[in-house]
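What follows is a short report on a single structure.
The values are calculated or read from the model by the stated rules, or taken from the named source; none is laboratory data. Model, not experiment: these values are computed from the prediction. Ideal geometry is used to build each Cβ from the backbone, glycine not excepted, and the neighbour counts take in all protein chains shown. Side chains are part of the model used for accessible areas, which takes the heavy atoms of the whole protein and leaves out ligands, DNA and RNA. Shrake-Rupley method; radii C 1.70, N 1.55, O 1.52, S 1.80 Å.
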Protein chains: 2
Amino acid sequence: MCKGDEMIGYPNKKNLHSSVSFDNHTSRGMSLEDDLNDSNAYYRASNRALIHKKPTPIQVVKVDYPARNAAKITEAYYKTPSTTDYNGIYRGKPIDFEAKETRSKTSFPFSSIHLHQIEHLKKVLFHGGIGFFIIRFSHYNETYLLDAKFLINLYENGTKKSISYNEVKNHGSFIRNGLTPKLYYLDNVDSLYFKEEYPNEKK
Amino acid sequence: MCKGDEMIGYPNKKNLHSSVSFDNHTSRGMSLEDDLNDSNAYYRASNRALIHKKPTPIQVVKVDYPARNAAKITEAYYKTPSTTDYNGIYRGKPIDFEAKETRSKTSFPFSSIHLHQIEHLKKVLFHGGIGFFIIRFSHYNETYLLDAKFLINLYENGTKKSISYNEVKNHGSFIRNGLTPKLYYLDNVDSLYFKEEYPNEKK
């Protein structure tokens, strides 16, 4: 709650990215995030969906007041998120997903998925939400949507510590690239989770 | 969309504490947030719902790396959230709400609701989610759930800049207090938004 906050515009657009760009992501990791943020902005503007990236959780330790009512955080640390990065509403249904990028040419390592993200997505499915992962293989610049149930099952019951590029190709849904949106991932969501309304669509 | 309306919040000390998840329980603004966080933790643990408070958006400007892998934020500012504070999933439906507290004995001032929160909740309703406000009158220690559509209509078309305590009593749904959860607000959600499944419940 930020009841009664005074607000002023922040002119420097460069800094708009800084709140996420330090979030232990590589620059490649950023690009998928940027693509998704731009796509979600487009989907919101076109009233197709209401999906946001959650703010990065930060533990504030020290705040200075250089001026009256001016709060300047001078010591803070990144916290581990307890949920996935993205959630929202699409066609009346809760949507929740995590996005990850790998430079590997051969496989996506499960080590880059946090256990709490798995636990969270299991709860999303339990409560009737739509949950998935968006995985990009940077080397091929290919992005796939993987159903949460499928990946969680591999993560928990599989014998390997990763999912191969070919498995992702075979079991995932390829996300088309574009300009607006950068990633047409809701088309994949339509064909995967709203089949009855799109009987002729194929995965 | 976040990028368009980036702002920096300058909360005063009380609001500062209420905008970060942080050990201080002194301010009244904190107590409703604490009650809701505790209630949501209980509802998650009991698998009744999956609802979280979103992290407070913070604009990170400078980060030091005193040690390898140790990121210390040394300059950051509070940003205006572009959404409400709470969202999640309940009985397969998207839930989204904002919580506000007032010390006034007579009315809840609309000035403590940000326009972007109104805009966001309108989108929540448009996309088929359940949206509402939780408003506490600290003086009476009474907490009410107010349907988003009702309050937005007053906010946009009403002649007054506030909603009176009596209007909240009459049009809102009183939230029962307890120990676990501190606020039984999902019972109100049941009776308001899942009536067909609870035909005998009263508001």
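Considering region B:165-179, and only residues there that are farther than 16 Å from B:D147 by Cα and open to solvent by 90 Å² or more (accessible area, probe 1.4 Å), the residue that is modelled with the lowest pLDDT turns out to be B:L179. Of everything in region A:74-128 that's in a helix (DSSP H, G or I) and among the aromatic types (F, W, Y), which residue is nearest to B:L121 (Cα to Cα)? So the residue we want is A:F126. Condition check for B:H139 on (1) open to solvent by 30 Å² or more (accessible area, probe 1.4 Å); (2) within 11 Å of chain A (Cβ to nearest Cβ); (3) over 14 Å from the mean Cα position of the chain (by Cα): one failure, at (2). Contact annotation: residue pairs with Cβ atoms under 6 Å, 6 or more positions apart or on different chains, pairing a residue in region B:101-124 that is under 21 Å from B:D35 (Cα atoms) with a partner that is part of a helix (DSSP H, G or I) and modelled with pLDDT of 95 or more, are B:E101/B:L32. Within the bounds of region A:38-49, is there any residue that is under 22 Å from B:K72 (Cα atoms) and either facing chain B (nearest Cβ under 7 Å) or polar (S, T, N, Q) (or both)? Scanning region A:38-49 turns up no residue that is under 22 Å from B:K72 (Cα atoms) and either facing chain B (nearest Cβ under 7 Å) or polar (S, T, N, Q) (or both). Is it the case that region A:80-96 has a residue that's under 19 Å from B:K53 (Cβ atoms), open to solvent by 30 Å² or more (accessible area, probe 1.4 Å), at the interface with chain B (Cβ under 7 Å from one of its Cβ atoms) and under 12 Å from the mean Cα position of the chain (by Cα)? Within region A:80-96, none of the residues are under 19 Å from B:K53 (Cβ atoms), open to solvent by 30 Å² or more (accessible area, probe 1.4 Å), at the interface with chain B (Cβ under 7 Å from one of its Cβ atoms) and under 12 Å from the mean Cα position of the chain (by Cα). Restricting region B:51-78 to residues that are more than 7 Å from chain A (Cβ to nearest Cβ) and under 21 Å from the mean Cα position of the chain (by Cα) leaves a set whose member that is most open to solvent (accessible area, probe 1.4 Å) is B:K53.
With respect to A:S162, determine if the residue is open to solvent by 10 Å² or more (accessible area, probe 1.4 Å) and either touching a helix residue (DSSP H, G or I) at 6+ places or on another chain (Cβ under 7 Å) or at pLDDT 95 or above (or both).
Against the criterion (open to solvent by 10 Å² or more (accessible area, probe 1.4 Å) and either touching a helix residue (DSSP H, G or I) at 6+ places or on another chain (Cβ under 7 Å) or at pLDDT 95 or above (or both)), A:S162 qualifies.
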